[in-house]
């Protein structure tokens, strides 16, 4: 019943999707990007030594894809200001009292580091590899994120 | 973040999942890509590869034995790959160390871990006179009237099983009185309820009872994780299987349905790994799952983190270390298992377990053997593993590796001790793609072959009929090959019929007719045009001909049965073929989804006739979901009533007139 690609898809789709959601803050975009990532992988598959290797690779590809998506979106922002603000309103309303909402309010890089560190349980070194930045940068993002979260979550819990 | 916040964040994140439609679309793409990759990566002549692999195993085993003799106090470890004997492990740590060492060294991936389990299946007599070929129900009309599972029940169909007397799982089952189906609504990631319904004497579908799956599996929270389900039916026992990808486990619930209005759970069991496939033979369920322990949790001191287990949901039993064998220790490179278990339905417990390393791609079983195929893309080729089912026992027997890839379970057959497989492979010298048919004895020693067929084409469908194998390859035209297997050492090509288009599914209708469902191909550029039903005349096997063809649907049309044999009913004893198909809605440009139809075919004096009905929908406004419903619909008959069982309802149709009798929405 299961094929090799399907097994990889089932293993990695949820982590990739959740990571993309945290990166681009829009479930529809995250779903589109996730599809692109897997379709590209099916076209040009590669092998992995271990499951950690597999996951790290997919998260890295997701990080690059999300980054490029946000860059493109910034370039055409003037075209769809209305759509974006509407989406932002919806998101705010739906997620108001959640930790995801508090994390979502963080700047992109801090948000992404928090997700990989607290949800994916990755080490700071692994996060640095995925985001292609020095470990010290990851550390400082996490430190600032923690401070910001302490402030925003302090009242809700 | 404090611990509470971390936990809440994880819970919130776990609730985020891609939509079921996206996942279904990607799963389809994955399967297609896998097939495509298989076409590209095959290298050598399969038969030669098998022999070479045997030599390579011997060398690998020797090297591994030297490595292990150095660090481990164990005795003789060596065995050739094609022998049943394999090395034992003394304890879990030894297995852990071996895999860990090899992972560090980046060694190969093909290896097997099996139990030596002589499994005694209590009180079951081995039946040697059974019809063991890969022959459909439709080939022998004497067999089709009753199934072995419900001999006293009214005449009815079973799931479209590949092998007679070997039941396959599905989302719909019937015992001839009641219909058991899984309710699922569009947009939901998984089925929600078990529904029990039945047609009355007038053919009206009536609702009897339903039971939430959360209750059946005792899961308190909504999992929201695209869990998939299958069912088996054995006398008054309904077996529900739930595959949970996140937990990497398969749940099995056994329900007593002797009073179908009050289904009652009698046992809940669990096996490591997500569900792959299963077969039900004589009251024993052979269940295969893919187990991938989460690498970050693996700890040497805790075998539960890397050894598969089976048992009741309360008490799991690990595979014992002395039961675990490996044939090719040097090549073990990761903790990824295919777990095979035998579950006695009378005792409601696992009688035995076994595991192989690697992911299973296809599984074939008859009453005497269980074959597991594992396609490998790192070292191109397919490994074959055989378990013998002898006198009520299951015994690991043999392994071999062939280069080339099999299409699906229909690519295999074992009959009279000869295992036959049809593959597509790439010739290493010319880089051209060919198709071949290979025979092996039960020790997986090569017997004969017939290859070099259909240059630059690949296999689209295969069907065995006793000593004859029909298979279809395709590039621009559709050669239907007919191969005589009566001399296993020398398979002989009887005929090759070339016609436009190709068949994706083949079914033996009667002794003189082979039915093919696939695509027409009338364009010069090779693009396909609509769907086609072909009726091949097999009365003269040395000169096959296409007696009749029925073209239907346009180029956007697609039938789920092209890829899933369980989505078609072929019942010559009732003179009916039934399946669903869908295509782009030309009458409604604003409808972005397809519209669906039910295709019903019957044989008349003038040949086969196609009748098309609109696919039933409960709500016209929801007509955007036809593809989803068409894919998840099954066809069965009880007496003279044809039942179209959808995820959200049942339509009954009169088998003679093809008129609609009733529609029931769950």
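The values are calculated or read from the model by the stated rules, or taken from the named source; none is laboratory data. Everything quoted here is computed from the prediction, not taken from an experiment. Note: ideal-geometry Cβ built from the backbone for every residue, glycine included; neighbour counts use all protein chains shown.
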Problem set entry | Number of positions in the range B:243-283 that are under 24 Å from residue A:15 (Cα atoms) and more than 14 Å from chain A (Cβ to nearest Cβ) | 3
Seminar exercise, completed: Taking the range B:552-574 and keeping residues more than 25 Å from residue B:409 (Cα to Cα) and either in contact with a helix residue (DSSP H, G or I) (Cβ under 9 Å, 6 or more places away or on another chain) or at pLDDT 90 or above (or both) leaves B:574
Seminar exercise, completed: Looking across the range B:192-224 at residues that are buried (at least 17 other Cβ atoms within 10 Å of the Cβ) and over 30 Å from residue B:659 (Cβ atoms), the single one that is modelled with the lowest pLDDT is B:223
Exercise. So, of the residues in the range B:575-590 that are farther than 19 Å from residue B:530 by Cα and at pLDDT 90 or above, which turns out to be surrounded by the fewest Cβ atoms within 10 Å (Cβ to Cβ)?
Worked result: B:575
Exercise. How many residues are within 7 Å of chain B (Cβ to nearest Cβ) and within 14 Å of residue A:120 (Cα to Cα) when one looks only at the range A:12-31?
Worked result: 5
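Just to be sure I understand, how many residues within the range A:36-47 are within 9 Å of chain B (Cβ to nearest Cβ) and in a helix (DSSP H, G or I)? Full working, then the answer.
Let us first name the residues in the range A:36-47 that are within 9 Å of chain B (Cβ to nearest Cβ), namely A:38-39, A:41-43, A:45, A:47.
Cutting the leftovers down to in a helix (DSSP H, G or I) gives us A:38-39, A:41-43.
Of the residues in the range A:36-47, 5 are within 9 Å of chain B (Cβ to nearest Cβ) and in a helix (DSSP H, G or I).
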Exercise. Quick one: how many residues across the range B:5-21 are closer than 30 Å to residue A:142 by Cα and either more than 7 Å from chain A (Cβ to nearest Cβ) or touching a strand residue (DSSP E or B) at 6+ places or on another chain (Cβ under 7 Å) (or both)?
Worked result: 4
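Considering only strands (runs of 3 or more DSSP E) fully contained in the range B:345-422, which possess at least 1 residues that are modelled with pLDDT of 80 or more and closer than 25 Å to residue B:434 by Cβ? Steps first, answer last, please.
Numbers: elements: B:349-357, B:362-365, B:369-376, B:381-390, B:393-402, B:412-415.
Answer list for the range B:345-422: B:362-365, B:369-376, B:381-390, B:393-402, B:412-415.
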Exercise. Checking residue A:50 against (1) crowded, with 20+ Cβ neighbours inside 10 Å; (2) at the interface with chain B (Cβ under 7 Å from one of its Cβ atoms); (3) under 20 Å from residue B:357 (Cβ atoms), which test does it fail?
Worked result: (1)
Problem set entry | Scope the range B:482-505; condition within 15 Å of residue B:537 (Cβ to Cβ) and either crowded, with 19+ Cβ neighbours inside 10 Å or touching a helix residue (DSSP H, G or I) at 6+ places or on another chain (Cβ under 7 Å) (or both); matching residues | B:482, B:497, B:499, B:503
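Only strands (runs of 3 or more DSSP E) wholly contained in the range B:219-298 count here; list those with 2 or more residues that are over 20 Å from residue B:184 (Cβ atoms) and in contact with a strand residue (DSSP E or B) (Cβ under 7 Å, 6 or more places away or on another chain).
Details: elements: B:228-234, B:237-244, B:249-256, B:264-272, B:274-281, B:284-291.
Fully inside the range B:219-298 and qualifying: B:249-256, B:264-272, B:274-281, B:284-291.
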Exercise. Looking at (1) in a strand (DSSP E or B); (2) more than 21 Å from the chain's Cα centre (by Cα); (3) over 24 Å from residue B:468 (Cβ atoms), can you tell me which one residue B:431 breaks?
Worked result: (1)
For this session: For the range A:71-93, state whether one or more residues are modelled with pLDDT under 80, within 13 Å of chain B (Cβ to nearest Cβ), buried (at least 20 other Cβ atoms within 10 Å of the Cβ) and under 25 Å from residue B:10 (Cβ atoms).
Result: no
Seminar exercise, completed: Note: among B:240, B:280, B:285, just one is closer than 30 Å to residue B:17 by Cα and crowded, with 22+ Cβ neighbours inside 10 Å, namely B:240
Problem set entry | Residues that are more than 7 Å from chain A (Cβ to nearest Cβ) and modelled with pLDDT of 80 or more, drawn from the range B:22-58 | B:24, B:25, B:28, B:32
Problem set entry | Flag for residue A:8 being under 30 Å from residue B:168 (Cβ atoms), modelled with pLDDT of 85 or more and more than 7 Å from chain B (Cβ to nearest Cβ) | yes
For this session: Mind counting the residues in the range B:636-652 that are within 20 Å of residue B:572 (Cα to Cα) and part of a loop (DSSP other than H, G, I, E, B)?
Result: 2
Problem set entry | Odd one out for residue B:317 among (1) over 26 Å from the mean Cα position of the chain (by Cα); (2) assigned to a strand (DSSP E or B); (3) at pLDDT 90 or above | (3)
For this session: Can you work out which of the residues in the range A:114-125 that are touching a residue at least 12 places away in the same chain (Cβ under 8 Å), farther than 12 Å from residue A:63 by Cβ and within 15 Å of the chain's Cα centre (by Cα) is nearest to the other protein chains (Cβ to nearest Cβ)?
Result: A:119
Problem set entry | Check on residue B:214, more than 14 Å from every other protein chain (Cβ to nearest Cβ) and closer than 27 Å to residue B:18 by Cα | yes
